[in-house]
Structure formats: structure tokens, C-alpha cells
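Here the structure comes first, spelled out in C-alpha cells, and everything after it is commentary.
The values are calculated or read from the model by the stated rules, or taken from the named source; none is laboratory data. Treat the numbers as computed from the prediction; the structure is a model and nothing was measured. Every residue, glycine as well, gets a Cβ built from its backbone with ideal geometry; the counts of neighbours run over all protein chains shown. For accessibility, only protein heavy atoms count, side chains too; no ligands or nucleic acids. Shrake-Rupley method; radii C 1.70, N 1.55, O 1.52, S 1.80 Å.
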Amino acid sequence: MKNNRQKFLIPALLISGFFMPGVAVAADGVEVSHLGPTNTLVKVTGDENFILFPVQEIYEDDARINVLVDGKIEETIYVRLARTKTDYSVPYDLSRFKGKNVMFDIVTNQTRNTVRDAKDDVCWDGMILTDTFDTTNTEVKWRPAYHHTPLYGWMNDPNGMFYKDGVWHLYYQKNPYGSKWQNMTWGHSTSTDFINWEHQPDVLRPDGLGAIFSGSAVIDHNNTAGFGEDAIIALYTSAGTSQMQSLAHSNDNGQTFEVYPGNPIITLESEARDPNMFWNEKTGEWNLVLAHALEKENLFFTSPDLINWTLSGTFGKGLGAQEGVWECPDLFELVVPGTNDKKWVLICNINPGGPFGGSSIQYFIGDFDGKTFTSDTNPDGTVPTKWLDYGKDNYALVSWSDAPDNRRATIGWMSNWQYAADVPTTQFRSANTLPREMELFVDADGELRVASVPSPELEKLRGKVVAQASDKNIGQKELHYKLPADGMAEIDLTFEASDADLLTLTIDNAEGEKVVMKYDAKNHTMSFDRRESGVVDFSDKFPAITTSPTFEKDGKISLRIFIDRSSIELFGNNGQFVMTNLVFPNNPYTNLSVQSKNGNAHLVDLKIYSIDLR
């Protein structure tokens, strides 16, 4: 991503690290009053735009901070305030409260015997006021260069995406106050080309109904909700003691949202979340699919106005992968190749229960009558379980509404709940996958499946061809090709391996860190081994081999492999099989090796492109 610019920031102080302490800014304008061993009041008397909260990463317990504005609780946030050392600091935006009295009523969970003990915490001296803060990338080794990432802090599910006036809007689950899941807020970024992302102000923050969980957004072209023609309507899960569905609208193209005073608009007697809505041209009403999480099914609703919803049907109980909770559904129609027919695709993210552990994406193909969904079945009458990605690191994938040219463009969260909070980064936690287009295809057995194709805009990333070859035999002796020095590349490769048992692709560096991908011609599978890919010891769930069926029978394989600083995404046969996996090499990968075993294969064509970050 050409990359990580925050459009609304004022010029930054050069603060080393995340937002590190030690800047020559006096702590004037902050009054700290210790009321007891676990309770401290911090009063803001200055007029600066931000106060910095020092964080110590190792502590699991969060301090509860009630933000008091003119004596009333504006919101409650949770921060792992530094006790013995500051790993980084996070900014709290005071500019919203100009001219008002702001205090922070802080309750810590760390055991203290006396007020004197509490006063020794390093966080109190580190709470400074400033008009500026720095978002310069301090984790160059692993922060992706051309994937969307948050400027700082934690990110998970993409939310509420829509396209309008040439701009792709991406909202996402965000913790503005640390690098672990907490304080769920809707962050916001925009792009005109799926490559360059501009960071915008957050749009939805926790309120009296709870944290802001995942949801969707649409353009209300015909003013059905009464908020104005072409208003942006967002539905999301309010997650307090219970989960309920809430609404907000925007009349400035999604830059700010006004929360609906009649929230919540959908309540149920059991846990449900992640509403995904769309306009159904055939029935002339709004449809909504909602994850009935613990029941491991989806609920369907209809509405004339986006506010009043009627439950119309259910799908999924006892079907598909049932090990984990069902989350982040999506429902859309795609053309069946070679026909004028269309089929509906129901995306159902699941955690845990993925084919290689943890979170993953299953889907169903079938029919939708505007009320409920009916899945296609196998010849024996069973509903098949199908997976969209055979890596470990693609989850919560959903699509943009109102995409041009009938495109079904999607994006996912590039991580896995097994280890997302433990990956070796702290300035930011997690990236998004590359954008992908959903298409139907018929596999070698005649079965209808979903392909996940790199979005066409990504071809603009191609820089110089740094290596190429064509019409070469691949045998036991390895063929070697250099990758760009920075390790970032797109590898475009086509081979035929019907006369060999195994074809191996190895991506490695001088330190011996490597990723090994193997095509098994007999079983028609592709495996991805990251056990020696670099830093892998932060979780015993991270070192893994993932394996995908290739859905062909002739040994002809084309691959597009995207390498960024901490990820590899493999798209096979125009997205008919996909593997998305994180990697954390200590130094960039610089070499591609190709060989075959028990017979020769044929390298039809190879091009290795550098990544153009201009």
C-alpha cells in the first residue's frame, strides 16, 4: 500500500516507536489525583488536541477509563496502562471536546496495597498533551507495503464497505488504544484504485448499547429510510451485555455517521451479529442475512425501509462446518459460466473449525427466493462443505455494496484467531488480504464452485520484470530465479506436471528461511509449508502445512503468487484454488527455486515482477 497516510493528521512530532515517550513536551495541562490504590483521576487543563496514554504490552488486565466531559460519562475505554515500562503510547483525541472540561476516571485492575504503590506506575508521568503525533512506520520489516493496514493499533473484520463516486470505502474493526482486541470501533479508509489507501477519522465508537461490532453499509438511492436520497445506511451489531442490531446514517458520503436514536432496531433472545444487507431488485425490498452465531446458522430478514425488519427464514442448522461459531455472512448472486443463469452464494465465516485449525471461510451455492436460502446438494442429497481459501489467514471476508460493472469485489482479514494477538508486531496488528473478485466456475468433476480472482487493479502493482523464462524442462536439478532485493514480488508462473509425481516451488532467503509449495500431480493438490518461513515460535498453531485441492485433472497449473513483507497469497488457475498465509522472515526472500521429482515437468512461462510502489 502506497501507504499508511492519515489524511486528517496535522504535522507530526518525531516520536520514535509507536507513539513513544521521551518527546520534549512538558506534562503541563495534566493534573493527576490518586484517589486510592486502584483509582486515579486525570484532569485535562490544557487546550491541546491529544493526550497520550502509555501502554505496557505484557499486561493482560486493562485499566477502565471513564471519559468525563462536563461531568457526564462520554464513553468508557480500556487501556493496558504502563506499570513498570512504556512500550508505546496511544493518542486519545480531545479535539471533539474543545471548550469543555475533560477528566479521565481511571480504575486499574493491578493489585496495589497503598496509594504510594500506585503513584510509582510510569504511566502517570507519560500522560502528556500534544497537538501532534507521529504515525511513521516503525516496523518496516513486517508492515505490508501494498496491503491495507491500520496506522496503529489492532484491526480485525472488514465492515460496511461500499463504492460511491469512484471511491472504495473500507471500514474495519479497530482498537484505537492498543494492539489487542478491545474498544471495538469502526475505523475508515478509502481508495480509488485498491492500492493506495487514505486513512480517515473513525466513524462509529462504543456507546451506551455497547461496542461497535461488524456490519454492512448500503447506499439508499431511493430514500427508503427517510434520511435523504443516496444517504449511506450502516447496520452493525451493538455488543454490550447482549448483542443487538443498530443503525446509523451518513449524508456526507460516509465521512461521519449519525447514530439512529431508536436503536436497537433488531433484538433477539439469543446471540446474533454481523448484519449484511442488500437491495433485492426481484422482490423490491431490502434483504438482510444475520449470523445466528451460537446456533451455527444464518437468519434472513426483509424490510421496506432498512429500519423495520421481519424474520423470513433460516439456513444452516446442522449443515456445513459446525465446529465453531458462524460469523460475518454475505449473500450475493453470480452468473453461471457459459449460461444466462445465476446462482446465489452464501458466505459463512466460521471460527474455529477451519480445515487447518482456527478461523476460515466456508460457502454454500444455491437459490434464494427473497425469504430464505436453499443450498444445492450432492447427488446423494447431502449439502457439501466448501472452502473459499485453503490457507490459514483469510477470515471475515465480505463484499463491497454498489460495486461498478456488477463486480463482486471482496476483502478479508488476513489473520487467524488462533494467534492474531501474538504475531510479532506491536505498532499495528493485522492487515487485509488483497481485494478479490468472486466468480463461479465448474471444476474437473463438473461441480460448481467459487473462484477468488485478484482484482484487476492489482496489475498496476507490476513493476519491472526481474526474471523470466519459458519452454524449459523442470527436473531433479533445481532451476533458480532471483526475486527483487526487497523481496516484494508478483510471480506469474505456468507449468505442466502430468509426467512428474511432484513439482516443488521454494521461496527462500540467504538465512535458509523458506516457504515450500508442492504440486502433487497424482492427488491434484497444492501444499504450502511455512514451518521454516522465519519467525514462527510465537504460537504453536502458526507453523503449518496447508493443502488445497486444485480442481483439475490434467496437471496444467497457472499461479499468481503475491509476496509482501509478511504475507504470501497464492492464486491458482485464475483463483480456482487459493492459499493465503502470513510469514515473518527475518530478511526478505530473494530466491525462487523450481524442481520436479519422479519425472520431468514443463515450465511453460515464468515472469517475476517487482512491486511498483510509486
(request) Please name all residue pairs, on different chains or six or more residues apart, with Cβ atoms under 8 Å, provided the first residue is in the stretch 454-471 and is surrounded by 15 or more Cβ atoms within 10 Å (Cβ to Cβ) and the second residue is among the basic types (Lys, Arg) and at pLDDT 95 or above. (result) PRO454/ARG436; PRO454/ARG560; SER455/ARG436; VAL466/LYS482; ALA467/LYS482; ALA467/LYS607
(request) Report yes if THR302 is in contact with a strand residue (DSSP E or B) (Cβ under 7 Å, 6 or more places away or on another chain) and under 22 Å from PHE364 (Cβ atoms), otherwise no. (result) yes
(request) Could you check, for the stretch 475-491, whether at least one of its residues is more than 20 Å from LEU613 (Cβ to Cβ), touching a residue at least 24 places away in the same chain (Cβ under 8 Å) and crowded, with 20+ Cβ neighbours inside 10 Å? (result) no
(message) Between a residue in the stretch 391-413 that is under 21 Å from GLN362 (Cβ atoms) and of a type outside the set (Asp, Glu) and any residue that is in a loop (DSSP other than H, G, I, E, B) and at pLDDT below 95, which pairs come within a Cβ distance under 6 Å, given they are 6 or more apart or on different chains?
(response) none
(request) Pick out the one residue from ARG80, ARG116 that is more than 30 Å from ALA231 (Cα to Cα), of a type outside the set (Asp, Glu) and surrounded by 23 or more Cβ atoms within 10 Å (Cβ to Cβ). (result) ARG80
(message) Suppose the filter is open to solvent by less than 10 Å² (accessible area, probe 1.4 Å) and within 19 Å of the chain's Cα centre (by Cα); does LEU288 pass it?
(response) no
(message) Under 9 Å between Cβ atoms, which residue pairs at least 6 apart in sequence (or on different chains) link something in the stretch 20-46 that is among the basic types (Lys, Arg) with a partner that is part of a loop (DSSP other than H, G, I, E, B) and modelled with pLDDT of 95 or more?
(response) LYS43/ASN101
(message) Just to check your reading of the model, which residue among VAL398, VAL466, VAL383 is β-branched (Val, Ile, Thr) and within 14 Å of the chain's Cα centre (by Cα)?
(response) VAL398
(request) Please go through the stretch 546-560 and pick out each residue that is open to solvent by 20 Å² or more (accessible area, probe 1.4 Å) and part of a strand (DSSP E or B). (result) THR547, PRO549, LYS556, SER558, ARG560
(request) Might you let me know whether the stretch 158-170 holds any residue that is of a type outside the set (Gly, Ala, Ser) and touching an Asp or Glu at 6+ places or on another chain (Cβ under 6 Å)? (result) yes
(request) Determine whether the stretch 304-311 contains at least one residue that is open to solvent by less than 40 Å² (accessible area, probe 1.4 Å), in contact (Cβ under 8 Å) with a residue 60 or more places away in the chain and not in a loop (DSSP other than H, G, I, E, B). (result) no
(message) Just to confirm my filter: which strands (runs of 3 or more DSSP E) fall fully inside the stretch 442-504 and include at least 2 residues that are of a type in the set (A, V, I, L, M, F, W, C)?
(response) 448-454, 462-474, 489-496
(request) Considering each residue of the stretch 119-136, count those that are touching a residue at least 40 places away in the same chain (Cβ under 8 Å), surrounded by fewer than 18 Cβ atoms within 10 Å (Cβ to Cβ) and part of a loop (DSSP other than H, G, I, E, B), and give that number. (result) 4
(request) Could you list all residues from the stretch 566-593 that are surrounded by fewer than 22 Cβ atoms within 10 Å (Cβ to Cβ) and within 22 Å of GLY534 (Cα to Cα)? (result) PHE584, ASN586, ASN587, PRO588, THR590, ASN591, SER593
(request) Taking the residues in the stretch 495-545 that are touching a Pro at 6+ places or on another chain (Cβ under 6 Å) and among the aliphatic types (A, V, I, L, M) as candidates, determine which candidate is surrounded by the fewest Cβ atoms within 10 Å (Cβ to Cβ). (result) VAL535
(request) Please verify whether the stretch 93-104 includes one or more residues that are free of Cβ contacts under 8 Å to residues at least 24 places away in the same chain and either part of a loop (DSSP other than H, G, I, E, B) or touching a strand residue (DSSP E or B) at 6+ places or on another chain (Cβ under 7 Å) (or both). (result) yes
